[in-house]
Amino acid sequence: MGAAINEGRKGVGPLLITAATDREIAQLVRETGGVLAPGTEPRPVWECEFAGHRLVLAITGIGKVNAASSVTALVAGYQPSLIINTGCGGAYPETGMRVGELAIATAEIYGDEGVLTADGWHSLELIGIPSVERRGNRYANEFPLSLEAAEKAFQLGMSLNLQIRRGKFVTVSTCSGTAVRGAELYRLFNGICENMEGAAVAHVALLYGVDALEVRGISNMVEDRDISRWDIPLAAEMAQRFLLKYLENY
Ligand SMILES: O=C(O)c1cccc(C(=O)CC[C@H]2O[C@@H](n3cnc4c(=O)[nH]cnc43)[C@H](O)[C@@H]2O)c1
């Protein structure tokens with residue numbers, strides 16, 4: 001695997017766009033003219049040219065294992081120059097964000113991976129074995145994303161007068177369905193957006209030296225769970241409409 005995934009082709013490979021579910025990527029596939037790559041079910045992959053860019057679009061499945069395994073295989077197969085992870089996410093109420101707004105990640109954090117002791121939760125740093133060690137840096141729970149790509153996306157959103165925020169995202173295994181849990185995660189990480197895949201994608205991107213961007217539409221507030229207040233179709237549409245503009249301006 002180490003030989004298959006090399007870093008020597010930075011900048012020449014396609015743009016890889018990933019989402020957990022069909023709903024979060026179908027509009028992009030349709031509007032870019034994506035063609036299904038044969039033999040890629042049950043994790044379909046589409047390929048196309050759009051706005052002068054070679055694109056690979058893929059559904060990873062929900063959660064960290066699906067995201068990490070899919071993206072690892074896609075990085076090995078396509079050697080992308082940039083990974084764009086998209087979908088919907090929950091906003092922490094303290095941010096003042098609203099359903100339908102856009103969020104751009106400046107970093108991704110594993111929000112519930114660590115050690116629980118009598119004095120509370122501790123990050124993986126307590127164990128002392130890094131998740132990734134790269135170029136002299138050790139990463140435990142938090143992974144960087146491309147600040148350049150995030151800045152470009154944020155400036156584009158501002159220029160289009162969109163409600164857009166940037167900040168750290170928190171990836172969880174257990175979707176927070178109580179306001180108390182949301183407040184606890186906000187206190188720990190000061191993140192703006194909760195999701196279930198992003199840190200795994202950022203983790204794999206860092207391992208293999210591929211730049212990554214994450215853009216999500218806000219589908220819900222992280223509060224006492226009330227699915228009637230969620231709007232996944234709106235969030236998915238906002239993120240995909242924005243990414244089409246991003247690709248046209250890339
Ligand atoms: O509980 C339900 O009935 C239900 C129905 C549809 C979707 C869900 C999800 O939990 C979606 C998880 C999915 O979407 C992302 N996401 C969106 N909001 C959040 C959130 O507040 N916390 C964590 N993840 C969220 C996530 O990336 C998953 O892919 C539930």
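Tabulated data
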{"read-out": "Sole residue being under 21 Å from GLY13 (Cβ atoms) and not in a strand (DSSP E or B), chosen from TYR246, TYR186", "value": "TYR246"}
{"read-out": "The range 210-245 - residue that is closer than 25 Å to ALA73 by Cβ and hydrophobic (A, V, I, L, M, F, W, C) and, of those, most open to solvent (accessible area, probe 1.4 Å)", "value": "VAL210"}
{"read-out": "Positions within the range 192-209 being buried (at least 24 other Cβ atoms within 10 Å of the Cβ), away from the ligand (no atom under 15 Å from the Cβ) and not in a helix (DSSP H, G or I), in sequence order", "value": "none"}
{"read-out": "Selection within the range 157-170 - surrounded by fewer than 21 Cβ atoms within 10 Å (Cβ to Cβ), in a strand (DSSP E or B) and in contact with a Gly (Cβ under 8 Å, 6 or more places away or on another chain)", "value": "ILE164, GLY167, LYS168"}
{"read-out": "Checking SER173 against (1) crowded, with 16+ Cβ neighbours inside 10 Å; (2) part of a loop (DSSP other than H, G, I, E, B); (3) more than 8 Å from the ligand (Cβ to nearest atom), the condition it does not meet", "value": "(1)"}
{"read-out": "Strands (runs of 3 or more DSSP E) enclosed by the range 39-146 - at least 3 residues per element that are modelled with pLDDT of 95 or more and open to solvent by less than 30 Å² (accessible area, probe 1.4 Å)", "value": "53-59, 82-91, 102-110"}
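The values are calculated or read from the model by the stated rules, or taken from the named source; none is laboratory data. Please read all numbers here as calculations on a predicted model, not as lab measurements. Neighbour counts are summed over all protein chains in view; Cβ atoms, including those assigned to glycine, are modelled from backbone coordinates with ideal geometry. Side chains are part of the model used for accessible areas, which takes the heavy atoms of the whole protein and leaves out ligands, DNA and RNA. Shrake-Rupley method; radii C 1.70, N 1.55, O 1.52, S 1.80 Å.
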